[in-house]
1. Could you check K64 against (1) within 23 Å of M1 (Cβ to Cβ); (2) within 12 Å of the chain's Cα centre (by Cα) and say which number it fails?
2. Might you let me know whether region 62-84 holds any residue that is basic (K, R) and over 21 Å from D26 (Cβ atoms)?
Amino acid sequence: MTIDELKQMSLDALDDLKAEDITEIDVRGKTTVTDWIIVATGTSSRHVKSIANSVVMAAKDEGKPALGVEGEAEGEWVLVDLNDVIVHLMLPQTRAC
């Protein structure tokens, strides 16, 4: 799976669960940590957790399991690390900060 396919798979998972305000940030050449950062908003902590789980499961189904998931217990801000793509999912009030 290419980086672009991984990014698109992540975007599709976000779209499937109605994530809002999806932003893609190309950080290639700016950091060695990742190539893409995707930021999206969920309507509630349950929604944020569900979106994160959708991204994790989609990646796993494609043979690219997440390297880590942070913040899932609280659901205010969840980070899904897919190595070349990092997905940040937040509540609106958390994203506004």
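1. Every condition holds for K64 apart from (2).
2. no
All of the numbers you see were taken from the coordinates with simple rules; none came from a lab. Owing to the predicted nature of the structure, the values given are computational and were not obtained by experimental measurement. As a convention, Cβ positions derive from the backbone with ideal geometry for all residues, glycine included, and neighbour counts pool all protein chains shown.
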